[in-house]
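This report refers to the structure that appears directly beneath it.
The values are calculated or read from the model by the stated rules, or taken from the named source; none is laboratory data. Being a predicted model, the structure only gives us computed values, none of them experimental. Note that each Cβ is placed from the backbone with ideal geometry, even for glycine, and that neighbours are counted across all protein chains shown.
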Amino acid sequence: MTDTQAPLLDPQFLGKLEQLELVSRKIFRGLMKGERRSKKKGQSVEFADYKNYVKGDDLRFLDWNLYARLDRLFIRLFQEEEDLHFYVLLDNSLSMDFGNPTKLHYARQVAAALSFIGLCNMDRVVIEVFNDRITQSLPAVRGRKSLWRVLDFLQKLESAGPSNLRESLKTFTMKSSGKGIVILLSDMMDKEGYEDALRYLVARQYDIYVIQILSQEELDPEILGDLKLVDIEDEDEAEITVSGPLIKRYKQNLAAFQGALQEFCNRRGITYLMTSNKTPFEKLVMSYLRQRGLVR
Amino acid sequence: MKWFKRNWFLLALIALALGAIPGVILVILRLCDADKDINKWMLDAWNITYDLRVPPWIALILLLLPIVLIILYFLKLKRKPIQVPSTFLWKKSIEDLHVNSLFQWLRNNVLLLLQILVLLFLIYSVLGLRFHGSTGTSRHYILLIDNSASMAAKDVAPNRLDWAKAEAIKEIDAASDTDYGMVIVFNSKASTLQTYTNDKEKLREAVRGIAQTQRPTRIEEALALAESLANPVRSTEDAGSQPDDVPEDQKRTMVQARGISTIVHVYSDGRFAKLSETALARLSLRMAADDPSLGGLNLRYHMAGKSSEPGNTNNVGIIGLNVLRQQLPGKKGAGPGPSKVLAFVRIANYRSAKAAVQLRLDVHELLLDKDGKPANRLTHPLQKDRVIPERKYVEETDADAEKDEPGEVSIHFELPPLDPGRPIELHAYLDKPNDDFPLDDRAWLVVGTTRKAKVLIAGKPNRILDACFEQEATKRLAVAERIGPDELKGESYRKKARNGEYDLVIFDRCAPDDEADLPLANTFFIDRPPPSWKRGTVMLKQPLVMPSKQQHPLMRHLTTIWDVRTHEAFVFDVKKNLDPKFARELDLPDGDPNKRVLPTLTRLIETSNQMPLLFTLPRGPHTDLVMTFPLITDEGDVVSNWPLETSFPLFFRNILYILGNVDDAKSAISTGPGEPIVLRPDAGFSYVQVTGPPPDKKITKLERRDRNEVLFADTEELGPYRYRVASPGDKDDDQQPDRLVRGFAVNLLDANESNIEPRESIRIGNVRIDKGEEKYQTREIWKWILLLALVLLMTEWFIYHRRIAV
């Protein structure tokens, strides 16, 4: 692909992204102190509350002034500040290598932009690349300094193999321990279905965002004649004779498929967003994802 | 059932292929020109024949089309592979559409079958299969097309004849393939251009081939021809001839009158003379028109021409031109006086207003030009101006017949004294008539010279004959030579006789010994039969003389034959008196070249007991006149009172005119277009060279045969014809300046033809036939419809398999 070597993010856009931060509707515990206030009471400088001392509590947090005044032991609780797990699940199956720019390139751009936002906010960014299994992973990175690592990782991604959402996400949920935001970048065109795969994610109580990326050719096919359609992933063939009714039917099916996916996501608190490779990804990040509340 | 459902497409394809095989074989056989046997076999077996209705290359394309179609169909199945991210949604869509699987079926299979079926229809339709033998449904029609002179009028574009031809072709186009048509063209004569056929192309070809003539119109012959051809099966013993008063027990079972009900389309301007009663008597038209089921003709009249204002046609024409030569009495004993020639010209005006005309009459002298070709020299230009009264016209009503009298004047010119020895050519023409019909604005006439008979008299001196031939009146008509009876055996006589140098040879009481010595001329035997017969010894004494055939030209003006007396005459019987050596030849079998047939004896004068006294015997082209009694005996005694009767010089004059071919040039030589004319130059010529009228000046050379005359038939063109006569010794390019140039003229001179106004109705006897509606052109459209269906099917196939709109 010609656009694999193109820079994923341009500096101007990076400047805009710096102003943003990732928002999680759920507050998750991180291993390291981050820049994020947790629902948990923890070890930060911001006071949150008191609680009665029970045996075993850390004596360092006893409020000695209160003990002197009330002769009772109270433990000072502080607002816990946590770092955020930000998982990017990127589909690199062969079907993503389609369109101009390719869906994969588009997905990489989105992944890069969101990762950058996460890095800037000291979030723990993890990128998992999958097709029918998880093929490549970028171990958790933090901090702005890791941006180049992320970009380098994304830049080197190639499309390969068939997709299997279910297996891939199952593996992902098994191996990842932390909770956090999961961004799933895929075309969701899995003949096995996406339901089971998403259920695995839901079960782990991630804050899930599904961004379905489709190419313009899929949304509005401009093909003519008697054709043998060959599936790029599994070589499956479909013989069609393009006609008005068939195209109409295809579009109806596509709309129904998107509708079903959206319905599925809404019911499970998953944020669903459909985009095409022709939608400028800056607009997607700055406008659509903001509206969905992923960034602010 | 399940098996059938699965394989129905294949079965249908096989059925279609089987259906195609006979058609394909027939087309291939026809393309290889080997269809005769199969056609014969099919005709015998099923009464069917076929022929390709399209050019062979189209048939070949048609033949290949089904194969191409099937190939295309299978090519269509070979789809272009294209990679897509996922076939997931596509498969779902196809499955959804498969709910309408009937639709898919149609698209994939039935369409192909339909296309092949249409092609099969096309192939079988161009085979032009025809059923034979079922004439019940076929129609018969005859196209009678007038190509007379008046059809050249240009009142309908481009002219009437072309209009008529176009109309006739429309009629042919409108006929079905089983209809039988015939084309007859008529002018002064009628001829069949195409006999009954259902091959429309032949009929069209015949109609297209009709050329304009300058002849007048006579419809009788055309109608008679049409009728005879329309009813080829005629029986005198059909029901129509059954007498009414036959007793019941004697009645015979007779067949019904057979005939074919035929529609006759007459394309004409309707200008022909009224049909005579004799012509009508031969036609059963009057009856047939009332009852076409009798197998008669059903006449439809198509008026060629445009009649904007009845009774007013823009035409002024010469309808008569004649001359009268009068011999002025000369001084006593000084021979005949000068001849005075009067020329009469009749001019008719067909306009409803008076017409002022300027008539010119040019008198030309005929001569040879310096190239030796016949030419003329204007000697007297004459001119007269007249105003012709208007035409009187009353339209036909139910009570009264049409009244149509063109304005007419007769103008006469007195021609200046002319050299009686030279023929003159008169050319009468209207100067600037400004009318629609130029053919009748001119007329010609050739006033010939006297043609004298060359007569040889063989026999002993006869003062009666001498007196006859020495008369001044006879000298003007004949030149006589005399020889004795002995000279008949001489070579000089034989040579001249065999060359036909005489018009008439009179054998007075003598005859040549042998048949072979008879001259190539008409003869008059006095008191002797021709050499094939013996003069009988039985004599009739003082027979009572009675005329037998008074209408015979030789008996013209002879009213006092009863007064003729003769002393005796020999008895003649055409069989009994035949020379015995020839009598044997009568009994030879048929087909023998030597077999003799007795000539028909025509009695002119006979006795009271029907013994011939004066009779003719035909001899090839010549006539032998035999008189069985002498005028004078060898001793010089007159034995009959006939020479003293007034009828005798008249009889001799008749002999000279009829047997001597005398032409006294009293009447001019003229004929109608297309009519043959007999030219009789002086006896003993070798050939006649006729030069046609200008501008073509077509030259025709006519060789003399047995008779001293030639027949010239190429008189299609109007105008003056000139000819020169060559003697046996002349060379072809002989240029003798004093050689006589003769001529004759071909003129229209027909008042009916000059009246170019088309008739709204024509009359055949009592039946009036009104003009019919003009026919609109019909075309065979089935081929186009079939072609359109094919194109539609193909287009539909193409469009359906394309994306219409997304």
Quiz item: Only one residue in A:PRO245, A:PRO221, A:PRO162 is farther than 25 Å from A:PHE86 by Cα and assigned to a helix (DSSP H, G or I), so which one is that?
Solution: A:PRO245
Quiz item: In region A:224-242, which residue that is within 8 Å of chain B (Cβ to nearest Cβ) and outside any strand (DSSP E or B) is nearest to A:SER163 (Cα to Cα)?
Solution: A:GLU233
Quiz item: Take the residues of region A:127-165 that are small (Gly, Ala, Ser) and touching a helix residue (DSSP H, G or I) at 6+ places or on another chain (Cβ under 9 Å): which is nearest to A:SER176 (Cα to Cα)?
Solution: A:SER137
Quiz item: Can you find even one residue in region B:188-210 that is among the small types (Gly, Ala, Ser), under 19 Å from B:MET303 (Cβ atoms) and assigned by TED's automatic domain parsing to the domain that holds B:LYS274?
Solution: no
Quiz item: Would you pick out the residues in region B:432-461 that are assigned to a loop (DSSP other than H, G, I, E, B) and touching a helix residue (DSSP H, G or I) at 6+ places or on another chain (Cβ under 9 Å)?
Solution: B:PRO433, B:ASP435, B:PHE437, B:LYS452, B:LYS460
Quiz item: Is it true that some residue in region A:201-213 is of a type outside the set (A, V, I, L, M, F, W, C) and either part of a helix (DSSP H, G or I) or within 7 Å of another protein chain (Cβ to nearest Cβ) (or both)?
Solution: no
Practice problem: Report yes if some residue within region B:494-505 is surrounded by 21 or more Cβ atoms within 10 Å (Cβ to Cβ) and at pLDDT 90 or above; otherwise report no. | Solution: yes
Quiz item: Looking only at region B:288-331, which residues are at pLDDT below 65 and assigned by TED's automatic domain parsing to the domain that holds B:ARG271?
Solution: B:ALA288, B:ALA289, B:ASP290, B:ASP291, B:PRO292, B:SER293, B:LEU294, B:GLY295, B:GLY296
Quiz item: So, of the residues in region A:1-28 that are at pLDDT 75 or above and part of a loop (DSSP other than H, G, I, E, B), which turns out to be nearest to A:GLN291 (Cα to Cα)?
Solution: A:LEU20
Self-check item: Near pairs, Cβ below 7 angstrom, 6+ apart or cross-chain, from region B:344-365 (closer than 30 Å to B:VAL741 by Cβ) to any residue that is outside any strand (DSSP E or B)
Solution: B:GLN358/B:ASP431; B:ARG360/B:ASP431; B:GLU365/B:ARG422
Quiz item: Quick one: which of B:THR523, B:THR559 is of a type in the set (Val, Ile, Thr), under 41 Å from the mean Cα position of the chain (by Cα) and outside any loop (DSSP other than H, G, I, E, B)?
Solution: B:THR523
Quiz item: Given the residues B:LEU64, B:LEU89, B:LEU69, which is the only one that is at pLDDT 80 or above, more than 14 Å from chain A (Cβ to nearest Cβ) and assigned to a helix (DSSP H, G or I)?
Solution: B:LEU64
Quiz item: Any idea how many residues of region A:147-174 are in contact with a strand residue (DSSP E or B) (Cβ under 8 Å, 6 or more places away or on another chain), surrounded by fewer than 18 Cβ atoms within 10 Å (Cβ to Cβ) and touching a residue at least 12 places away in the same chain (Cβ under 8 Å)?
Solution: 3
Quiz item: Restricting to region B:583-609, what's the tally of residues that are of a type outside the set (Gly, Ala, Ser) and surrounded by 14 or more Cβ atoms within 10 Å (Cβ to Cβ)?
Solution: 10
Quiz item: Which of the following residues is in the same structural domain as A:PRO101 (by TED's automatic domain parsing), buried (at least 20 other Cβ atoms within 10 Å of the Cβ) and touching a Phe, Trp or Tyr at 6+ places or on another chain (Cβ under 6 Å): A:SER186, A:SER215?
Solution: A:SER215
Practice problem: Just name the residue that is surrounded by the fewest Cβ atoms within 10 Å (Cβ to Cβ) out of those in region B:621-635 that are touching a Lys or Arg at 6+ places or on another chain (Cβ under 9 Å) and farther than 17 Å from B:ASN462 by Cβ. | Solution: B:PRO621
Exercise. For region B:9-23, indicate whether the set of residues that are within 45 Å of the chain's Cα centre (by Cα) and outside any loop (DSSP other than H, G, I, E, B) is non-empty.
Key: no
Self-check item: Qualifying position, being more than 10 Å from every other protein chain (Cβ to nearest Cβ) and in contact with a Pro (Cβ under 7 Å, 6 or more places away or on another chain), among A:ASP196, A:ASP187, A:ASP132
Solution: A:ASP132
Quiz item: Which condition does B:ASP637 not pass, out of (1) touching a Cys at 6+ places or on another chain (Cβ under 8 Å); (2) under 25 Å from B:THR537 (Cα atoms); (3) not small (Gly, Ala, Ser), if it passes all the others?
Solution: (1)
Quiz item: Restricting attention to region B:699-721, and to residues there that are in contact with a Gly (Cβ under 9 Å, 6 or more places away or on another chain) and basic (Lys, Arg), which single residue is modelled with the lowest pLDDT?
Solution: B:ARG707
Quiz item: Only one residue in B:THR178, B:THR137 is at pLDDT below 75 and either away from every other protein chain (no Cβ under 14 Å) or surrounded by 14 or more Cβ atoms within 10 Å (Cβ to Cβ) (or both). Which one?
Solution: B:THR137
Practice problem: Just give me the residues in region B:612-624 being at pLDDT 90 or above and either over 29 Å from B:GLU709 (Cα atoms) or not in a strand (DSSP E or B) (or both), in sequence order. | Solution: B:PRO612, B:LEU613
Quiz item: Which numbered condition trips up A:VAL285, out of (1) more than 14 Å from every other protein chain (Cβ to nearest Cβ); (2) out of contact with any strand residue (DSSP E or B) (no Cβ under 8 Å at 6 or more places or on another chain); (3) assigned to a helix (DSSP H, G or I)?
Solution: (2)
Quiz item: Failed condition for A:ALA256, given (1) within 14 Å of chain B (Cβ to nearest Cβ); (2) surrounded by 18 or more Cβ atoms within 10 Å (Cβ to Cβ); (3) among the hydrophobic types (A, V, I, L, M, F, W, C), with all others met?
Solution: (2)
Quiz item: So which pairs qualify, if the first residue must be in region B:675-695 and part of a loop (DSSP other than H, G, I, E, B), the second must be aromatic (Phe, Trp, Tyr) and crowded, with 17+ Cβ neighbours inside 10 Å, the Cβ gap must be under 9 Å, and the two must be at least 6 apart or on different chains?
Solution: B:PRO676/B:PHE712; B:PRO681/B:TYR723; B:ALA683/B:TYR502; B:GLY684/B:TYR502; B:GLY692/B:TYR721; B:PRO693/B:TRP444; B:PRO693/B:TYR721
Practice problem: Go through region B:1-54 and give me each residue that's of a type in the set (Asp, Glu) and surrounded by 15 or more Cβ atoms within 10 Å (Cβ to Cβ). | Solution: B:ASP35
Quiz prompt | First in region A:269-283 and farther than 17 Å from A:ASP10 by Cβ and in the same structural domain as A:PHE98 (by TED's automatic domain parsing), second anywhere and small (Gly, Ala, Ser) and surrounded by 15 or more Cβ atoms within 10 Å (Cβ to Cβ), Cβ under 9 Å, 6 or more apart | solution = A:SER276/A:GLY99; A:SER276/A:SER215; A:ASN277/A:GLY99; A:ASN277/A:SER215; A:LYS278/A:GLY99; A:LYS278/A:SER215
